[in-house]
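Here is the structure we will look at.
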């Protein structure tokens, strides 16, 4: 009896997992990758460290995906964080759990993840065709019949589409999967950047370019009302804001701006101090250094780059001595330290986003198998689907889990 032939399009985390699992299940597998080798994007993810997953419970994990999270119940029920960690450790990859339950390779090198997965594909007998972009899907009477590469049709019993999104195009993620899925009759939820830096109004952020703040609380205000809140690290850039806390809030911010709503980020620069404690701190500092200029005294509260921005926005001269600061001016300083506001204009281009929001409509996919409800024998996995979460290892776990399920199901 001949083996079932399965073709996998895309060599990212979802595609590699799908290919290897299908091979393990006894199928004849060939993976088609448009770049020089699989896993290019995986090698740079997480600032080169690769946040593989998170040790959060399943319900919490799914909540990070918002409205489409329930689609992942079946995939996570079959292959979740514990199984992924055991799988990678069995391949010889040592792991480490860090703050917030995030899981990384212990070496801190994303390239090690890529290397162990590439070796695993070799050991499972997956044939990899590099530099082989797929032109089209071959579909015959509602059944996936293969793929078209350089004008040649390659027959198959099943096809797995795992081409990723449209961010980081230099790694091969150029949105090919959306075109292929649409041609097969699938609905594409409009794509947009997610986990993306944000551009802000005014010159303030640019004046602090490169400044990295840790332990900052950021509230997202939409039309003046608090919508979300996040705590962590923030980076000022020439165009606005970046860093983990900004990326976490970016998806909701982008959606609100697309609806024409005003979005403002309120930065609490002293989240450990309430208003009363901050007032006492200001009084203590101003008394102890009463004959020093305010610009010097504020260095005890703020990084050097922030001092002129603070004084400019509060309207206080940097040369004023601390003992000359009025009650009103001190109140303005206190308010600014707890509520420094920056208006969000728009996201950076899709090419700069970590992931792509939108994609193949999950309502047209069977969550038990990742098979298309429209085309038999066509399976989907990873970022090409309309699935996206905030930072913390959630998105990569979804790629591995849907890849695992698609691979096993396609192998029959």
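The values are calculated or read from the model by the stated rules, or taken from the named source; none is laboratory data. What you see is a predicted model, and the numbers here were worked out from it, not measured in a lab. FYI the Cβ positions are ideal-geometry reconstructions off the backbone, even for glycines, and counts take in every protein chain you see.
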Out of 163, 200, 174, report the one residue that is closer than 24 Å to residue 244 by Cβ and surrounded by 17 or more Cβ atoms within 10 Å (Cβ to Cβ). 200
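Residues are listed down the side, and each one gets a yes or a no for (1) in contact (Cβ under 8 Å) with a residue 60 or more places away in the chain; (2) assigned to a loop (DSSP other than H, G, I, E, B); (3) touching a strand residue (DSSP E or B) at 6+ places or on another chain (Cβ under 7 Å); (4) crowded, with 17+ Cβ neighbours inside 10 Å:
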| residue | (1), (2), (3), (4) |
| --- | --- |
| 346 | yes, no, yes, yes |
| 388 | yes, yes, yes, yes |
| 401 | yes, no, no, yes |
| 409 | no, no, yes, yes |
Can we say residue 61 is modelled with pLDDT of 95 or more, farther than 16 Å from residue 392 by Cβ and in contact with a helix residue (DSSP H, G or I) (Cβ under 7 Å, 6 or more places away or on another chain)? no
Within the group 221, 247, 180, 195, which residue is crowded, with 16+ Cβ neighbours inside 10 Å and at positive phi? 195
Take region 265-282 and flag every residue that is surrounded by 13 or more Cβ atoms within 10 Å (Cβ to Cβ) and either in contact with a helix residue (DSSP H, G or I) (Cβ under 6 Å, 6 or more places away or on another chain) or over 30 Å from residue 99 (Cα atoms) (or both). 268, 269, 270, 278, 279, 282
Members of region 362-381 found to be in contact with a helix residue (DSSP H, G or I) (Cβ under 7 Å, 6 or more places away or on another chain) and either part of a strand (DSSP E or B) or more than 24 Å from residue 155 (Cβ to Cβ) (or both), listed by number: 362, 367, 368, 371, 372, 379, 380
Could you check residue 186 against (1) touching a strand residue (DSSP E or B) at 6+ places or on another chain (Cβ under 8 Å); (2) surrounded by fewer than 17 Cβ atoms within 10 Å (Cβ to Cβ); (3) part of a loop (DSSP other than H, G, I, E, B) and say which number it fails? (2)
Condition first: at positive phi and assigned to a helix (DSSP H, G or I). Now tell me which residues in region 23-79 satisfy that. 66
Given (1) buried (at least 20 other Cβ atoms within 10 Å of the Cβ); (2) more than 30 Å from residue 321 (Cα to Cα); (3) touching a helix residue (DSSP H, G or I) at 6+ places or on another chain (Cβ under 9 Å), index of the condition residue 228 fails: (1)
Test set (1) closer than 22 Å to residue 193 by Cα; (2) out of contact with any strand residue (DSSP E or B) (no Cβ under 6 Å at 6 or more places or on another chain); (3) surrounded by 13 or more Cβ atoms within 10 Å (Cβ to Cβ); (4) in contact (Cβ under 8 Å) with a residue 40 or more places away in the chain - residue 262 fails condition number: (3)
Scan region 70-100 residue by residue and report those that are touching a residue at least 40 places away in the same chain (Cβ under 8 Å), surrounded by fewer than 19 Cβ atoms within 10 Å (Cβ to Cβ) and either more than 26 Å from residue 368 (Cβ to Cβ) or within 21 Å of the chain's Cα centre (by Cα) (or both). 73, 95, 97, 100
Taking residue 66 as the residue in question, decide whether it is in contact with a helix residue (DSSP H, G or I) (Cβ under 9 Å, 6 or more places away or on another chain) and surrounded by fewer than 17 Cβ atoms within 10 Å (Cβ to Cβ). yes
